[in-house]
Each structure stands twice: as C-alpha cells, then as structure tokens.
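A.B. asks: Dropping a structure here in structure tokens format, bear with me for questions.
The values are calculated or read from the model by the stated rules, or taken from the named source; none is laboratory data. Here the structure is a predicted model, which means the values were calculated and not measured. Don't worry about glycine lacking a Cβ; one is built from the backbone with ideal geometry, like all the others, and counts go over all protein chains shown. These area figures cover heavy atoms from the full protein model, side chains too; ligands, DNA and RNA do not enter into them. Shrake-Rupley method; radii C 1.70, N 1.55, O 1.52, S 1.80 Å.
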Amino acid sequence: VSDNQQSYVSCKEGALPTVPSGETPAADKPYKYKHKCFQDEVLQVTRSGVAVASVTAKGLPKNKAGRTLKGFSTKAGDLMFNKGDKGCKGASNRVGDGCPYLDYTMYKNYYGDMDYADKLVSAAINAKKTGFTTADANMDFGDANVIGKAVLRKEVIKKGTAYMNAYMYAIREFEDAIDDCKAGCANGIVDGSGQDCNSKSSAAVHAWDEGVAFYTGSLEGSNVGGNTAGVFSYRLAEKRCANFKTCGKQSDSVSGVSFVNIQLFEKLSIGQAKLLVGQCEAVRPVLRDMVALMSIPLIQGTLRYAYKIDKMAGGGKEKGEGAIFAAAIIPRVHHCNSADGDIIMKHMKIGALSTSFAVVRAAFEKNYACMNITCQEVGGIWNVAENKYYADAGPCRQLVAGTNIRDNTGTTATEEKETMPGWATGLIVTVCVLLALCG
C-alpha cells in the first residue's frame, strides 16, 4: 500500500483481465495485478492442548469479485428501488431506508428497465438493439446504416460505463450513507442504550467516501485538480469546464479546477461533517445540490456534441459521444418536462434523422431551474483559437428564475448574468478513498 493514490493498490484482481502479452503490469493499469498479494489464504492451526503450536498457510486466495461495472446496473433494482419487508431489498433491508431512491427512479421510469445502463452498454458491445421497455429511447447499434459504427460503439461503451453505470452507483452510495446514518444514534449522541455511536457514524461516512471513490476513480491521484489519466465523472467535469469556460470559483475561466468539482467537494465536506454528528436528514438537501452539480458536465457533453454534429459535420465519434451523454442526462430532463426530454432524445440518439443544436439547447435551457442549475454554471461552447464563444453557442442569461435569454452573437465572454449561482464558493477538500477490488 502506498500514499500515492495512483499506485496504492499493489494487489488487485476482481473481474479484471489478465495482462496482455508484451505489457508490463502495474497498479495503475486496468489489468490483474498480483504484486504483494497474499499468496495463501486458508490457515491451518495446530494446537497443543489449548495452546497454538503452529499456523500453516494453505490454499490460494479466493477472488470474490464483489463489484463490477456491469453489476452496478444489474443489481441496481434491489439496491436502489425494490423494497424488502423493511427497507432496500438488496442492501440492509432496514426500516427507514430510502428506497426507492429519487434519482434512480427517474432513470428507471424513463427507460422502463432497472438495468437500463447495462442494456445500453451491452447493446453497444454486441452491436445489437438496446431493447428498452420505453420504445422511443431505443437505439440500434447493429444498424448497417449507422455512420462510423465501430468508433461510435467504442465511445458509447467507454463513456456509458463511467457516466451511467458508475455515475448512478456513486449517487447510490451517498443515499446509502444517509440510510446508515439514520440507523445510528440520534444526533450522534449516546442515548444510554449502549450503542457504539462512533462506529455507526463511521459506517455512514465510509459509504459517503465510497460515493466519492466511484465519482472520482483511483487514477486522479491526490493533487488538486486530479490527473488527466482519470476516466470517471470527476475528469469529465475538468474536461468540460475548459470547453465551456466554467472553470474556477466563479465559473468564468477556461483554466483551473472546474467550478463543478470545487463546489462538489465543498458539499462533500459539509455532508461528511453532518453524518459524523448524526444530522442525517440535514444531509439530504446537500445531496440534492451535489446531484445538480453532477448533472452539469453531462449537459455540457450533450451540447458540445450536438454542436459538432450540427455545425461541424461530426461523424461516428461525435454521434456516439452525443448519444451517450444525452442518454445519461435525458431522464432528468424528462422528469421535469417529458416533451423536452423526448425532443433531446429524438435529436441525439443513435440513428437520429437529424440533429439541431438550437433545438437541443432550447430543450435543456427551459429546464435549468427545475434541475437546480443556472446558465452561468453551464456556460457556452468556447472557441480557444479565437478567444470567444462559438457562433450561436454563447451562455444563456437568466433574468428571472426559470427564464433564459440567449445572446447569439458568439462574443459574450464578458457578459454577466443577473442571477448569481446558488452555491457558495469554497476550497477543494481532498478526499482519498481506498477502493477494494477484491474481497
């Protein structure tokens, strides 16, 4: 084990593939890595009377592969929606558990399936139809008429696992932390019943930290701003802030840490503190703000590729990225306004007859207030070479809550909107979580 997050796992197996021929194994590569692993797990204890005479290691370690990206989706129904006789059926099944969870319910209701993320990614892997219960959401990766089909499928597979499978599971861990908190001591105070309140508070914070792990991933390292090798939602926020001029504490720069991650990690710190003292329900509004922030890069990704498809003759790669970003955010839009969600899907799905950036943008902007985000936080598509926004892609302005007015000159770099963001600015809280892949 190392303090360097990128290489702290010196033994990992799980469901990872073996190291390819010619590749040098390392902790930060996505392969089985057995350096410094326990080589023997089963212990044979020999006693002499009551005393232990010897302990002999026997047998190989057992790979439990308890969590997989596929499992984040295939097990989601029982972990996030279905209730047992008391609480979440596939989790602790305690009285007071929050199942069905709000965010997962939006996605389940939209797609009509509990394993919607696995259906989408598996369809891309196997070049088949998604087979969603909701017919309008279906995509066909086997359609011979789909342009750039191979690269398109590749983008959907890579980004689908990160921004649909792992994304929702991160939110699930935050919800589970609140559930764990409610199972602890009221207000974190010993009530005379003999409960170990410290242990119960720690369980809630552990789940909270797991949510951070699934949002961030181990490749980001421990430095502020992370590492470009990252592949989960934290890295997406960093990439999109440069594309939309939403980096920095004021969401108005093309460099520095993203506004989304600055604000999110401040919220994570606040939530952690409340969990430790047993203020369980006080964490819920914090989580709602967090989820709103996490939606911003997905909106930005959809808008970015809608523009590339419409204005720049984007091919298979752009259509694949546009489709998966849209698939990852449309259920939230649909929850606010079903017609607007349907419009975005119609223009962004695999096999769309046409894509209009203006139509997609308008459908999103009408729902920013409902999604608890603002125009400044989403920003506009920034042209680095010309130091201005692309034509017709500048940030909208919110003069009145819920009313968005766009300046289409493409030169609104210095424009200030009337309503400032609803989240206070703050410093990043560095959170390092050890994510166990075996056991």
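A.B. asks: Any idea how far apart residue 93 and residue 281 come out in nm if each label point goes 7 Å out from Cα toward Cβ?
C.D. replies: About 2.7 nm, to one decimal.
A.B. asks: Right, another one. Taking a 23 Å limit on the Cα-Cα distance, which of the listed pairs 83/129; 119/154; 158/311; 158/388 fall beyond it?
C.D. replies: Cα-Cα > 23 Å for 83/129; 158/311; 158/388; rest within.
A.B. asks: Among 110-116, 360-366, what's the highest-first ranking by average C-beta atoms within 10 angstrom per residue?
C.D. replies: 360-366, 110-116
A.B. asks: Let me ask you something else. Suppose accessible area is computed on protein heavy atoms with a 1.4 Å probe; arrange 202, 258 from highest to lowest.
C.D. replies: 202, 258
A.B. asks: What pairs in 239/319; 149/366; 308/366 have C-alpha atoms more than 28 Å from each other? Show your work: numbers first, answer last.
C.D. replies: Details: 239/319 18 Å; 149/366 32 Å; 308/366 22 Å.
With Cα atoms farther than 28 Å apart: 149/366.
A.B. asks: If you stretched the chain out fully between residue 384 and residue 338, how much longer would it get, using 0.36 nm times the residue separation minus the C-alpha to C-alpha distance?
C.D. replies: Here the answer is 13.1 nm.
A.B. asks: Apply the Karplus parameterisation 6.51 cos²θ - 1.76 cosθ + 1.60, with θ equal to phi minus 60°, to every residue of region 132-137 and state each ³J(HN,Hα) to the nearest whole Hz, in sequence, with x for glycine and proline.
C.D. replies: 5, 5, 7, 4, 5, 8
A.B. asks: Hey, another quick one. Once amide H atoms are built 1.01 Å from N in the peptide plane, which residues 5 or more positions from residue 83, or in another chain, come under 5 Å H to H?
C.D. replies: 89
A.B. asks: Say each of residue 11 and residue 46 gets a label point 7 Å from the Cα, pointing the same way as Cα to Cβ; how far apart are those two points in nm?
C.D. replies: Spacing of the two 7 Å Cα→Cβ label points: 2.4 nm.
A.B. asks: May I ask you to list the lysines whose Cα is less than 18 Å away from that of residue 32, ignoring any residue fewer than eight positions away on the same chain?
C.D. replies: Within the straight-line cut-off, residue 32 pairs with 12, 62, 64, 70.
A.B. asks: Continuing with this model, one more query. Using θ = phi - 60° and the Karplus curve 6.51 cos²θ - 1.76 cosθ + 1.60, what whole-Hz ³J(HN,Hα) does each residue of region 377-389 get, with Gly and Pro shown as x?
C.D. replies: Ordered by residue, 3J(HN,Hα) equals 6, 7, x, x, 7, 8, 9, 4, 4, 9, 6, 7, 6 Hz.
A.B. asks: Provide the solvent-accessible area of residue 334, counting protein heavy atoms only and rolling a 1.4 Å probe, rounded to the nearest 10 Å².
C.D. replies: 50
A.B. asks: Please compute the modelled spin-label separation between residue 29 and residue 126, points set 7 Å along Cα→Cβ, answer in nm with one decimal.
C.D. replies: 3.1
A.B. asks: Quick one: order 346, 249 from most to least accessible surface, probe 1.4 Å. Don't skip to the end; give the middle numbers.
C.D. replies: Numbers: 346 145, 249 95 Å².
Greatest to least solvent exposure: 346, 249.
A.B. asks: Largest first, what is the accessible-area ranking of 281, 377 with a 1.4 Å probe?
C.D. replies: 281, 377
A.B. asks: Nearest 0.05, what FRET efficiency do residue 249 and residue 144 give at R0 = 41 Å with Cβ-Cβ as r?
C.D. replies: Details: r = 49 Å, r/R0 = 1.20.
Using R0 = 41 Å, I get an efficiency of 0.25.
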